[in-house]
Amino acid sequence: MMSQSKSNLSIEKTKQSRIDQVDFSNLFFGQTFADHMYICDYKDGTWHAPKIVPYAPFLLDPSTSVFHYGQAVFEGMKAYKDDNGDIFLFRPTENYARINKSCKRLAMPEFPEEWFDEGLKELLKLDRDWIKPGFGNALYLRPFVIGTTAGVIASPSKEYKFVIITSPVQSYYSGDVKVLIADHYSRAANGGFGAAKAAGNYAGQFYPTALAQKEGYQQVIWTDDTTHEKLEECGTMNVMFRIGDTLVTSPVNDRILDGVTRKSVIAMAEKMGIKVEVRSITVHELVQAAENKTLKEIFGCGTAAVISPVSAFGYKGKEYTFERPVQTYAEQIKTAILNIQYNKTEDPFGWRVKIV
Ligand SMILES: *Cc1c(COP(=O)(O)O)cnc(C)c1O
């Protein structure tokens with residue numbers, strides 16, 4: 001980690017909060033933004049004094065690097081409020097480290113973790129009323145970094161912006177999701193940047209996902225790009241399979257994002273006495289498990305929904321369903337993690353970080 005001097009963060013408060021215009025019981029994910037945002041600019045080889053300012057558009061030259069060559073990475077986190085009004089983050093140092101891993105892969109400068117931590121905390125203190133208590137309610141935090149040098153030169157940008165915007169969200173039930181197993185398209189490749197939380201990974205996913213949706217599937221299970229045999233991610237989430245009473249998930253690699261939720265689900269499952277195997281799992285094994293009825297659950301894991309259960313999968317023109325137990329691992333593990341996030345239980349892992 002780079003050593004860094006004091007940030008000299010400055011804060012300009014909004015003159016007129018927009019909070020009264022927001023219907024907190026009727027939010028669409030990622031459509032409403034809180035009053036303030038955090039911005040820090042990089043130029044001449046260093047990050048300059050960050051500022052918190054009222055949320056507003058910023059101007060960029062049409063030739064700006066990010067529009068043409070896609071140096072853009074981001075994070076997804078949440079702030080939670082308990083019934084006493086205290087505010088918590090969940091394993092934030094994982095996100096501080098991961099955005100820098102993503103930056104490194106895209107030849108972007110790393111952002112000082114202490115500055116990130118300070119900026120986020122100050123932002124949360126200012127916009128704390130935007131966080132509502134209760135399971136599912138949260139302030140979704142979207143830190144991102146973009147290359148901002150003007151000029152269509154195909155080389156790494158010399159200037160960057162590190163920005164944090166925040167968005168109040170409610171729990172959403174996406175319904176039972178059916179997934180299509182990819183046998184042609186890939187979201188990531190060996191030696192590529194699938195393990196980075198880069199905007200481009202998402203751009204490349206939209207088209208194959210739209211094709212799957214035409215066939216009646218909401219998401220795609222991404223497979224390895226060489227054989228299309230190994231099951232790696234589900235949409236924009238990590239993916240887990242319950243076969244018999246064992247939870248199976250792929251180890252992370254070049255093509256898989258190292259999800260905080262994935263790690264937390266593994267640790268929580270083990271703590272609950274569930275057997276977890278971190279190993280490759282193939283389409284062949286999954287089809288067999290569906291046929292011999294040992295397949296009991298499939299679910300995605302990610303910050304937005306914690307766990308998203310899958311009800312069926314499609315593969316090469318055939319749809320496979322499976323019978324889920326009344327007491328699913330998905331539900332039990334999700335509740336246990338939510339209890340930690342919302343300060344309802346002890347946190348033996350030390351994941352919960354109180355902000356204010
Ligand atoms: C963000 C993301 C995840 C989930 O990561 P979390 O840290 O659990 O939110 C999984 N896969 C992809 C591709 C992602 O972008």
For segment 251-267 the number of residues that are surrounded by fewer than 22 Cβ atoms within 10 Å (Cβ to Cβ) and either away from the ligand (no atom under 13 Å from the Cβ) or more than 15 Å from ALA336 (Cα to Cα) (or both) is 5
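So that you can scan it fast, the table gives a plain yes or no per residue for (1) in contact (Cβ under 8 Å) with a residue 12 or more places away in the chain; (2) in contact with a strand residue (DSSP E or B) (Cβ under 6 Å, 6 or more places away or on another chain):
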position: PHE135; (1), (2): yes, no
position: ILE146; (1), (2): yes, yes
position: GLU159; (1), (2): yes, yes
position: ALA198; (1), (2): yes, yes
position: GLN213; (1), (2): no, no
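Take the residues of segment 306-350 that are of a type in the set (S, T, N, Q) and touching a strand residue (DSSP E or B) at 6+ places or on another chain (Cβ under 8 Å): which is farthest from GLN218 (Cα to Cα)?
So, considering only residues that are of a type in the set (S, T, N, Q) and touching a strand residue (DSSP E or B) at 6+ places or on another chain (Cβ under 8 Å), the one farthest from GLN218 (Cα to Cα) is ASN343.
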Residues of segment 294-308 being assigned to a strand (DSSP E or B) and away from the ligand (no atom under 16 Å from the Cβ), in sequence order, are LEU295, LYS296, GLU297
Note on LYS293: of the conditions (1) under 28 Å from GLY136 (Cα atoms); (2) among the basic types (Lys, Arg); (3) free of Cβ contacts under 8 Å to residues at least 60 places away in the same chain, unmet is (1)
Every listed condition ((1) surrounded by fewer than 18 Cβ atoms within 10 Å (Cβ to Cβ); (2) within 14 Å of the ligand (Cβ to nearest atom); (3) under 22 Å from GLU110 (Cα atoms)) holds for GLY191 save (2)
Next on the checklist: Against the definition (more than 15 Å from PHE135 (Cα to Cα) and within 22 Å of the chain's Cα centre (by Cα)), how does VAL326 come out, yes or no?
Outcome noted: no
Of the residues in segment 325-356 that are β-branched (Val, Ile, Thr) and outside any loop (DSSP other than H, G, I, E, B), the one that is surrounded by the fewest Cβ atoms within 10 Å (Cβ to Cβ) is THR335
If you go through ASP44, ASP61, ASP82, the only one that is at pLDDT 95 or above, surrounded by 15 or more Cβ atoms within 10 Å (Cβ to Cβ) and acidic (Asp, Glu) is ASP82
Exercise. Can you confirm whether segment 80-87 contains a residue that is within 16 Å of the ligand (Cβ to nearest atom) and of a type in the set (Val, Ile, Thr)?
Key: no
Residue pairs qualifying under the 7 Å Cβ cut-off, at least six apart or on distinct chains, with the first in segment 85-98 being polar (S, T, N, Q) and the second being within 11 Å of the ligand (Cβ to nearest atom) and part of a loop (DSSP other than H, G, I, E, B), are ASN95/GLU75
The residue from LEU180, LEU231 that alone is closer than 20 Å to VAL287 by Cβ, at pLDDT 95 or above, touching a helix residue (DSSP H, G or I) at 6+ places or on another chain (Cβ under 9 Å) and within 14 Å of the ligand (Cβ to nearest atom) is LEU231
Suppose the filter is in contact with a Leu (Cβ under 6 Å, 6 or more places away or on another chain) and either within 16 Å of the ligand (Cβ to nearest atom) or farther than 21 Å from ARG187 by Cβ (or both); does ILE333 pass it? no
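The values are calculated or read from the model by the stated rules, or taken from the named source; none is laboratory data. Keep in mind it's a predicted model, so treat the numbers as computed, not measured. Ideal geometry is used to build each Cβ from the backbone, glycine not excepted, and the neighbour counts take in all protein chains shown.
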